[in-house]
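Report on the structure given below.
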Amino acid sequence: MTPTTRTRWAILGLTGPAYLWLAGTIFLPLTAMLVLSFLDKSPLVPQPASFTLANYQAYFSKSFYWPLTRWSIELGLWVTLFCFLIGYPAAFALAKRVKGRWREAIFLLIVLPFWSNALVRVFSWTMVLRSNGIVDVAVQSVFPGAPTIDLLFSYPAVIIGLVHSYLPYMILTCYIALQAIDDSLIEAGRSLGANRFTTFYRVILPLSLPGIVSGAALIFVPVIGSFMEPRILGGTKGATLGMNIEEQFTVTANWPLGAALSFILLAIVLVIFGILYPVLRRQGGGA
Amino acid sequence: MRRLLDGGIRFYLILVLVFLYLPILVMALLAFNKSPLYGLPFEFDLVWFDALANNKRLLTAGWNSVWIALANTLIATSLGTMAAVAFGRYSFRGKTLLQALLFPPIAIPWLVIGTAMLVFFFWSGIGRGLHSILLGHVALSLPYVIFVVGARLNDYPKALEEAAATLGATPWQVFRRVSVPILAPGVVAASLFAFAVSFDQFVISYFLAPPGVTTLPVEIYTSIRKGFTPEINAISTIIIAVSMGLMLIVARFYRFGGERSGNE
């Protein structure tokens, strides 16, 4: 069945504007930045630039970037892990144990913060974690004379803030996956003699894996490129690759180096997606 | 045993909710506290809301954010709905490719997209400013709109339109009486998404805002980095209260969380 000319114009007219917009604001800019990452001078400098590999070489030759990259990846892993450890049981309880209006209410309460400003939520943690903040005051009142707790500007603060920001993603994706599991499968496992643990490990966990993986992807990607949260909650400690890229564009104005670092970050993200892709793909066929 | 387990589950869910809401509540509380240095004990006062009312920078930034979010909602929802209708109604060559092209704006870290826009807009002469921030926000919102409207159109009831046409409806009547009612819920949900994406967007705006022109998140970030000002607590509390209030209203119309209690 070949589409008529009229249909073809309709398709073009309907999709054209959106894709022209995307081309001009996403795909052309990415191409421009790829070109820029091979230039030796920033476009802010009025002299003509020539091609070079120096920006990528700088990343691999300077020992300075490796700790930044490692901390960015570690941060992504820690945040994803904690989101899973906290979020999965919550999603499970919500999908399989809580019913009716309670479920609706709790579900709404979990997704609600999601719609408020992310920056504001990160900022709000500074008031909780600082010395003489709520955590500190609470501990002091229960154990007078306990050492002051000042978590602000530390690694844990960054992790806590990011887990708080991204936890709803994990709960949401796991909840959707868990809810789709037919209860009769679980009952079948139980009646065939499997105990609670075996049923969970052999039936529930594998079936909800796509939910876990898509949650992990939704969390890991933004966290690895984060710069605002580590800056507000981590201060000067724990510089991430993202923070360095931001500085190349806003402070030191070394755009070509920043562009190269951005593409290295993107390469890391692509590798991770490559690893997760088979699982994500299965999800498409599973439903 | 069973009751004990249920009690434990409820307790755990409450703990999770406490974790999610603790910082927000603390911030809201401190917005009404008199001491500027977050000093305790708590003393109720509206000084920071008064200060906010006189903070021109913050208010201008706030209005910028609202206008950009509204313009973004209008543009992204119309363009996105058009594309979603094309995907729902027609099958054509290159459709899968076009749909796959919607993933990069979602899957690439905003930092990379934001800096790439900065570079390209500089090179092409578009420059920085509210107009380029709007360009960027629409790009980020489009994929969400297309997915949300598209989810509704997964099996586009083409037959209904054809039936209406054979029964003598004019194309306009078909559009008005058949297509629009089918599309409406998806479009409303998508426009809410688009508004939230834009109003919340910090990273892209941060790179595209020239000195002196800001949106609310950018202005808040700058204030935080300069030093803590309780006015930020006040405006943040307002933002959170308004956005959560809006969502609660929406939730009354759209049921989140799956089925009702009926099928227990």
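Here, each number is a calculation from the coordinates, and none is a lab measurement. Given the structure is predicted, the values throughout are model-derived calculations rather than measurements. Cβ placement follows ideal geometry from the backbone for every residue including glycine, while neighbour counts extend to all protein chains displayed.
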Point to revise | Gaussian network model of chain A, springs between alpha carbon atoms under 10 Å - residue of A:Val251, A:Val142, A:Val203 with greatest fluctuation | key: A:Val142
Exercise for review: Evaluate peptide A:223-229: per residue, the Cβ atoms of other protein chains within 10 Å of its Cβ; return the mean as an integer.
Suggested key: 4
Review point. How big is the charge dipole of chain B about its Cα centre, in debye rounded to the nearest 20, if each Lys and Arg gets +1 on its Cβ and each Asp and Glu gets -1 on its Cβ?
Key: 440
Review point. Given the options A:Gly238, A:Gly16, A:Gly258, which has the most mean-square fluctuation in a GNM of chain A, springs set between C-alpha atoms less than 10 angstrom apart?
Key: A:Gly16
Practice item. Show that you can apply the helix-only estimate: for chain A, add -39,500 (n - 2.57) for every DSSP H stretch of four or more residues, divide by all residues, and state [θ] at 222 nm to the nearest 500. Key: -23000 deg cm²/dmol
**Study point:** Relative contact order [Cα under 8 Å, 6+ residues apart], region A:1-62, whole percent
**Key:** 19
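Rounded to a whole number of µm²/s, how large is the Stokes-Einstein D of the protein assembly as shown at 20 °C and 1.002 mPa s, given Rh as the Kirkwood radius over C-alpha pairs? Don't skip to the answer; put the middle values down first.
On the way: Rh = 25.6 Å.
So the translational diffusion coefficient is about 84 µm²/s.
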Review point. Which whole number gives the average, over all residues in B:237-244, of C-beta atoms from other chains lying within 10 Å of the residue C-beta?
Key: 4
Review point. Going by average Cβ neighbours within 10 Å, how do the peptides A:17-28, A:160-171, A:50-61 rank, with the highest at the top?
Key: A:160-171, A:17-28, A:50-61
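How long are the semi-axes of the equivalent ellipsoid of region B:36-119, defined as square roots of 5 times the Cα gyration tensor eigenvalues? Whole Å, largest first.
The three semi-axes for region B:36-119 are 44, 17, 14 Å.
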**Study point:** Phi to ³J(HN,Hα) by Karplus 6.51 cos²θ - 1.76 cosθ + 1.60 over region A:135-143, Hz, x for Gly, Pro
**Key:** 4, 4, 4, 4, 5, 4, 6, 7, 10
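Students often get this wrong, so check it: of A:Lys237/B:Lys226; A:Lys62/B:Lys226; B:Lys34/B:Lys56; A:Lys41/A:Lys237; A:Lys237/B:Lys56, which have C-alpha atoms separated by over 23 Å?
Details: A:Lys237/B:Lys226 18 Å; A:Lys62/B:Lys226 31 Å; B:Lys34/B:Lys56 21 Å; A:Lys41/A:Lys237 30 Å; A:Lys237/B:Lys56 33 Å.
Table pairs above 23 Å Cα-Cα are A:Lys62/B:Lys226; A:Lys41/A:Lys237; A:Lys237/B:Lys56.
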Point to revise | chain B - percent relative contact order, Cα under 8 Å, separation 6 or more | key: 29
Revision key, fill the gap. Between the alpha carbon centres of region A:129-155 and region A:23-88 the gap in Å comes to 37
Point to revise | Residue among A:Glu246, A:Glu229, A:Glu74 with the largest mean-square fluctuation in a Gaussian network model of chain A, springs linking Cα atoms under 10 Å | key: A:Glu74
Check your understanding: How long is region A:170-243 along each principal axis, judged by its Cα atoms, biggest number first, in Å?
Key -> 56, 20, 15
Review point. Applying the Karplus parametrisation 6.51 cos²θ - 1.76 cosθ + 1.60 with θ = phi - 60° to the phi angles of region A:192-199, what ³J(HN,Hα) value in whole Hz is obtained for each residue in order, glycine and proline being reported as x?
Key: 7, x, 7, 7, 3, 5, 4, 4
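Mind checking the mean number of beta-carbon atoms from other chains within 10 Å of the Cβ atoms in B:83-90?
On the way: counts 9, 3, 4, 9, 3, 0, 4, 7.
Averaged over the peptide's residues, the number is 5.
As a test of the formula, what do you get for chain B when each DSSP H run with n ≥ 4 contributes -39,500 (n - 2.57) and the sum is divided by the residue count, at 222 nm and rounded to the nearest 500 deg cm²/dmol? Before the final figure, lay out each step's value.
On the way: 13 runs with 195 residues, N = 264.
It lands at -24000 deg cm²/dmol.
Could you give me D for region A:62-286, from Stokes-Einstein at 37 °C and 0.692 mPa s, where the hydrodynamic radius is the Kirkwood radius over C-alpha pairs? Units µm² s⁻¹, please. All intermediate terms of the calculation are to be shown ahead of the outcome.
Values: Rh = 19.7 Å.
Calculated translational D: 167 µm²/s.
When 1/r is averaged over all different Cα pairs and the result inverted, which Kirkwood radius in Å belongs to region A:55-116?
Details: mean 1/r = 0.0672 Å⁻¹.
After inverting the pairwise mean of 1/r, the radius is 14.9 Å.
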